[in-house]
1. Quick one: residue A:1 ticks every box in (1) over 19 Å from residue C:7 (Cβ atoms); (2) more than 7 Å from chain C (Cβ to nearest Cβ); (3) at pLDDT 90 or above bar one, so which box is it?
2. Are any of the residues in region D:21-28 within 24 Å of residue D:81 (Cα to Cα), touching a residue at least 40 places away in the same chain (Cβ under 8 Å) and more than 10 Å from the chain's Cα centre (by Cα)?
3. If I filter region C:224-241 down to residues being exposed (fewer than 15 other Cβ atoms within 10 Å of the Cβ) and over 10 Å from residue C:290 (Cα atoms), which single residue comes out as nearest to the other protein chains (Cβ to nearest Cβ)?
4. Going through B:237, B:170 one at a time, which residue ends up being more than 9 Å from chain C (Cβ to nearest Cβ), more than 22 Å from residue A:47 (Cβ to Cβ) and either part of a helix (DSSP H, G or I) or among the β-branched types (Val, Ile, Thr) (or both)?
5. For residue B:293, state whether it is within 15 Å of residue B:344 (Cα to Cα) and in contact (Cβ under 8 Å) with a residue 60 or more places away in the chain.
6. Residue D:64 is checked against (1) within 28 Å of residue C:172 (Cα to Cα); (2) more than 14 Å from the chain's Cα centre (by Cα); (3) within 14 Å of chain C (Cβ to nearest Cβ); (4) at pLDDT 85 or above and fails just one. What number does that condition carry?
7. Of all residues in region B:199-208, which are within 8 Å of chain C (Cβ to nearest Cβ) and either at pLDDT 90 or above or more than 12 Å from residue B:180 (Cα to Cα) (or both)?
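The values are calculated or read from the model by the stated rules, or taken from the named source; none is laboratory data. Remember, predicted model here, so these are calculated numbers, not experimental data. Here the Cβ positions follow ideal geometry from the backbone for every residue, glycine too, while neighbour counts run over all protein chains shown.
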Amino acid sequence: MIIGLYNDWVVVVLMMIGLYIVIAHGNLIKKIVGLAIFQTSVFILYISMAKVEGGSAPILAEGIKQFSNPLPHVLILTAIVVGVATTALGLALVIRINEAYGSIEEEDIQHLDNQTQDETELQATEGEQS
Amino acid sequence: MISHLPVLQVIVPLMAAPICLLLKRSQLVWLFSLFASAIAFIISVLLLQQVMTSGVISYELGGWEAPWGIEYRIDQLNAFLLLIISGVSTVVLIAAQTSIEKEIPKEKHTLFYILYLLSLTGMLGIVSTGDAFNVFVFLEISSLSAYALIALGQDRRALWASYQYLIMGTIGATFILIGIGLMYQMTGTLNMQDLSQRLPDVAQTRTVFTAFAFVIVGVCLKLALFPLHLWLPNAYTYAPSIVTAFFAATATKVAIYLLIRFTFTVFGLSFSFTTLPLQELFLLLGLTGIFVASSAAIYQKNVKHVFAYSSIAQVGYIVVGFSTSTITGLTATLLHLFNHALMKSAIFLALGAVVYRLGNVQLSSFNGLGRQMPLTMAAIVIGGLSLIGVPLTVGFVSKWYLLTALLEKGWWPVAILILLGSLLAVIYVWRIVEAAYFKKPLAGSVPVKEAPLFFLIPIWLLITANIYFGIDSRLSLKVASAAAQSLLGVSP
Amino acid sequence: MKDLFAVVMLLGIYSLLSASFFVAMDAVDVAFTEAAVGAGISTLLMLVVITITGRSEKTTRHKPLLALLVVVFTGSMLIYGTFDMPYFGIADAPIHSHVAPRYIQESMKEVGIPNIVTSVLASYRAFDTFGEVVVIFTAGIGVMALLSVGRRPEENEKTTAIDDSMHEQYLVIRIVTKMLIPFILLYALYVQFHGDFGPGGGFQAGVIFAAAIILYTMLFGLTTARKVINQSFIQFIAAAGVLLYGCVGIVSMLNGANFFDYNALASDPVAGQHLGILLIEWGVGCTVASVMIMIFFNFAERREMQQNNEKINNIEGDSL
Amino acid sequence: MDMILNISGALCLLVGSFLCISGGVGLLRFPDFYTRMHAVGVTDTLGAGMILIGLMFYSPDFLIFSKLVIILLLTLLIGPTTSHVLAKAAMQNNLKPKLQQEDNIKETSSSNY
């Protein structure tokens, strides 16, 4: 009977793939792709809990008695929009980062950042000495 | 109109944002957003008054009763936070026009104010709402505008900080979404009040444990509780000064509000603290946070970094107070929310003034600044003293209550550790004082003038409030303890 | 996978597949949106970004151990949580028996439109949807704040010249697109108005409308599209959409009811609900369409700017 | 009348399904980009087209029939155009079609994109 939960397990696996991409990969676009996968899997979680066996799409029509739950659908409509908004903003940031650093790899950027940090500190100490 | 106040609180800044887009002239937009924010502040004062006299206000959006429609539910805690957020926002906005002139290109001024208003809207929305999913929506409004605002900073590191914040913030928000989904699955409702009634029936299921864990982790990501704080220091340091002043005083407060709301109201005290080892966990994380962040603050070369790390440490104090789960402890937590907002916004505004005159906030360029910008530096010093917890400032009041709460519980070692943590604060504040008053200005640096009036007014407004509430804390104490009592279900 | 192009395309396919999952699980509205947004707009935006940043990922050593640890921990936590969940598709789960029945049984009487999702979205939980519109608006403003560049008229002429010379090359696709665009726009309007009865509504309609404009822009160049739809016009529409939505709420407030209580909009409650839903769907549609176009324009503008810079650099490099 | 409609509808569906499957097989088995694109083109236009025509025979009322006609027209319009654009993009990126037999054996294993 435990097999009745298979939908949740599928979703969990998908979510974790997304989360892994976000954490492990250094490429900024890939991170955003990972976020999108993560979020989409959460949407599937919500929708799968709304399904009723034998139900139909929640549009009232004659002769249909059993409907799937409409509320998660509404929530996920909202969440999809939020997801695309985040993606768009993230991509805009990637473009700017690419212009400012010339790279979209996490390692390169952190390397460059450390350099600038050293430089400013160097300038500061030079200023103090003189 | 008075019955519509809860929704007007959110709608006024929200509707002001698109109107700003139509106004275009940046001077006009500034005045308009200041006006909108001030109205929000007035509304929050009225709401607080109403709540203190007549109890919880419930407002049904769309006229649909609670579990079916969305409900706005204002109790003492919400009203208190609404007051903090809209108040800080209004005061900080006074300085905005002057500050962003130097830090943000001219054609983006209008967009800056719109984003600022939207972020204010998001925070007010999170605090007012009584619906779990609505929290997620408004959380995203405030976070998205926060990412964009942080990325407006001059340094290219602002972009990177903002990107990191975006990734962490979105993971956090999605965790919250998962948690809300699991709760909904077990109870069939999204309304917080309804949830709190229906959750005890299913409290012993593994699904509810998981839901709780995900909500808490998600909120802690937003809260920057140690060890999930990595995004915060850079985000606060490289954002435009106004943004830092606003967020340092409000963003973490909103996250703490969510934490309190979910642990105390939705899941209930017995579930959060008795069934789960949350108390010990928060105590441990809070204390580690205080020490790690305060020691990190000591070694920073950039003054904004110093105070960003100090913010993480302050979150630690707040969480420690919260983990006592007694009325005194919660009162201390809530008082510290208010007090920390007062001191941090003043300090970061003052730093904004320094940026305005000097162009940077490296510790070395603070040398000799005490003579050149006496009023600004005095504000930083008073703010710093307040962070340490010196008497006559608000910092003392909240530390005092925190210690009382810990002693009431008999947690002697924790109290001692808290005092040690304050000593660390002495060190990092002293480094700034030393640079400003006891060092000679750098050779070759151009002497600068005092900060412009538009900076001094809000800074000293906040500092005066700081000292006033430090001496006469009856008002803030009354509200905080009323909120704490209502949270713990004790009738006053 | 080192080729980002393939990564993005696979993401698009994933979105489309999950959209078909949604159809299989009766969520037609959600599937529609996911197909239009996940597979359509976000894939498109990612592709634009790839053309700017380059399509190959650098081979870097990443630290999978920590990530694996976090992922395995979170995953097992979730699996642990699933054990007490109601089984898939069971009709008497708590989720189906507390709040939802009222929507299914009463919405026809109270709101009066057959599509329950729309009536919950636009009436029972109208404030969530308002928040959603504001999220999209925020994203638009945020992208604009990050990416907008000043106008440079003298370069525009150059780009138009290039566009004309390339006309021959794109002849087939341009003509086909010209034939298609009116139908796409018409379809967007159909989706906008049909949301009460079937899957659809302001959000999907806005995305489809924006897709038509974006298609036009991709083929005829940004400059040409700008002549039709300029920046301040889109900004105006985006703001107007949010304001329209909010004003519906304010009007009902002035009529003495609560915010977003459409019953107060007309003498008959159901007629009021109809009017309110119609208006707010328009608000949603306007804002979504204009913000999507705005985001794409800003992305494309950056891309053009970068290409121009490269061209100038190349010319300078040659002369050296 | 019903008989004829049913049989011709089923026939169309069968042909369409066969074309789709053969398109899928072709996508996997053909040696280079251009031939694979041919396989996809067959699935896109002919396969989908036949299925749509088959469905038209089954459509209960005029509304659904006309919707199917519109979908058919759109696929007929869009399918060839996308094939055209794809081929053009490939040509512009200097992807040469494989014309000689002996190269195939060596390179099919290496060029798996």
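1. So the condition that residue A:1 fails would be (3).
2. No, the conditions are met nowhere in region D:21-28.
3. C:232
4. Testing whether each residue is more than 9 Å from chain C (Cβ to nearest Cβ), more than 22 Å from residue A:47 (Cβ to Cβ) and either part of a helix (DSSP H, G or I) or among the β-branched types (Val, Ile, Thr) (or both) leaves just B:237.
5. no
6. Condition not satisfied by residue D:64: (1).
7. B:202, B:205, B:206
Matching residues to (1) part of a helix (DSSP H, G or I); (2) within 13 Å of another protein chain (Cβ to nearest Cβ); (3) in contact (Cβ under 8 Å) with a residue 24 or more places away in the chain:
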site	(1), (2), (3)
C:272	yes, yes, no
C:286	yes, yes, yes
C:296	yes, yes, yes
C:303	yes, yes, yes
C:313	yes, no, no
